[in-house]
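Student: Sharing a structure, written as structure tokens. Questions coming.
The values are calculated or read from the model by the stated rules, or taken from the named source; none is laboratory data. This structure is a prediction, so every number in the text was calculated from the model and none was measured. No Cβ is skipped: glycine too gets one built from the backbone with ideal geometry, and neighbour counts run over all protein chains shown. Each accessible area value is taken on the protein alone, full model and side chains, heavy atoms only, with ligands, DNA and RNA left out. Shrake-Rupley method; radii C 1.70, N 1.55, O 1.52, S 1.80 Å.
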Amino acid sequence: MLQVVNLSIGFDKPLIEDINIVVNKPMLIQVMGPNGAGKTTFLKTLAGLLKPIKGSVYINGVDVTGDAEKAGRFVTLSPQMVLFKQSEVFPISVWEFVEFGTELCHKKKGVVVSKDELRNIVKSALSSVGIGGELWGKSLWKLSGGQRQRVFIARAIACDMPIVLLDEPLSSIDPEGRVEIANVIGSLSKTKIVFATCHDPEMLLKYTSFVMLLGKGKYVMEKPENVLRGDVLRKFYGDAVIEFVDHIHVCDYHI
Ligand SMILES: Nc1ncnc2c1ncn2[C@@H]1O[C@H](COP(=O)(O)OP(=O)(O)O)[C@@H](O)[C@H]1O
Ligand SMILES: [Mg+2]
């Protein structure tokens with residue numbers, strides 16, 4: 001169970017203030033908001049990678065606020081791909097990346113897995129996101145953006161943590177691949193609490209229990225039908241929302 005209490009996120013000044021949410025069963029929550037609203041900051045704060053300005057994050061009753069070590073026993077984060085700089089990365093193959101991450105996650109949870117089990121977990125996670133054996137030995141950094149995104153999702157699946165944070169998981173994936181990955185995320189959310197930041201809420205809509213909309217210092221978290229409406233979106237996206245007869249348009253994102 002995830003409990004967020006009076007949480008204000010940000011750096012020098014708060015980006016979003018007084019977030020209070022309780023998520024007590026597996027589900028998919030889509031996190032939306034304009035660029036710079038604080039979506040990535042929010043996920044990183046949940047993962048303990050950033051200290052909040054105020055408030056607390058509890059997972060299964062454990063205070064994990066600003067503590068990546070403690071949060072890492074429950075949470076896995078797949079980062080936003082565009083935030084990677086090629087110059088900052090170390091050489092690692094696709095297989096090693098998922099295997100290493102999986103081993104570490106299991107260690108953090110205190111679960112012992114044999115080499116054989118580990119191999120099977122990694123294999124099945126990579127296969128489930130459509131990364132075939134021909135790519136397993138390839139450098140992670142020589143993959144296309146979409147392939148790398150899939151590998152990160154595979155690592156999140158293989159880690160088998162109760163909370164999965166996916167930062168823009170569909171952003172660099174081609175349109176057909178997007179449907180496939182959306183389905184993977186949908187099935188993951190049957191057994192995990194999944195937060196996914198997205199610009200196109202439609203892709204994941206049928207799996208989505210709640211939409212969390214961030215912007216201008218505020219947030220709402222409601223069922224999709226109560227948030228994906230012109231009047232609500234306009235409060236967060238301002239003039240970027242255009243309403244047509246049969247659909248709503250946010251900047252270049254269709255809703
Ligand atoms: N390490 C940091 N130090 C200071 N400001 C930051 C840092 N990281 C992000 N920001 C700022 O915080 C705001 C929110 O960023 P972010 O959470 O990445 O937004 P989003 O993911 O919604 O696009 C932006 O204005 C960004 O420039
Ligand atoms: Mg972001």
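Student: Mind giving me the FRET efficiency for GLU69 and LYS235? R0 is 35 Å, r the Cβ-Cβ distance, nearest 0.05 is fine.
Tutor: Details: r = 37 Å, r/R0 = 1.07.
Using R0 = 35 Å, I get an efficiency of 0.40.
Student: Provide the convex hull volume over Cα atoms per residue for the chain, in Å³.
Tutor: Values: hull volume 32.0 nm³, N = 255.
Measuring per residue, one finds 126 Å³ for the Cα hull of the chain.
Student: Can you give me the long-range amide H partners of ILE92? Hydrogens built in the peptide plane at 1.01 Å from N, cutoff under 5 Å, separation of 5 or more residues or another chain.
Tutor: LEU140, TRP141
Student: Can you check how the C-alpha radius of gyration of the range 85-159 compares to 2.2 N^0.38 Å, as a plain ratio?
Tutor: Dividing the Cα Rg of the range 85-159 by 2.2 N^0.38 Å gives 1.06.
Student: Provide the gained length on full extension for the span LYS142 to LYS51, in nm with one decimal, where the gain is 0.36 nm per separating residue minus the Cα-Cα distance. Walk me through the intermediate numbers first.
Tutor: On the way: separation 91, 0.36 × 91 = 32.76 nm, distance 3.29 nm.
Difference between extended and current length: 29.5 nm.
Student: Over the range 85-159, what percent of the accessible surface lies on carbon and sulfur atoms, probe 1.4 Å?
Tutor: On the way: 2150 of 3870 Å².
Result for the range 85-159: 56 percent of the exposed heavy-atom area is carbon or sulfur.
Student: Just to confirm the number: angle between the C-alpha axis of helix 175-188 and the first principal axis of the chain, 0 to 90 degrees, nearest 10?
Tutor: 80
Student: Ignoring ligands, DNA and RNA, what accessible area per residue does the chain give at 1.4 Å, in Å²?
Tutor: So the chain comes to 48 Å² accessible per residue, rounded to a whole number.
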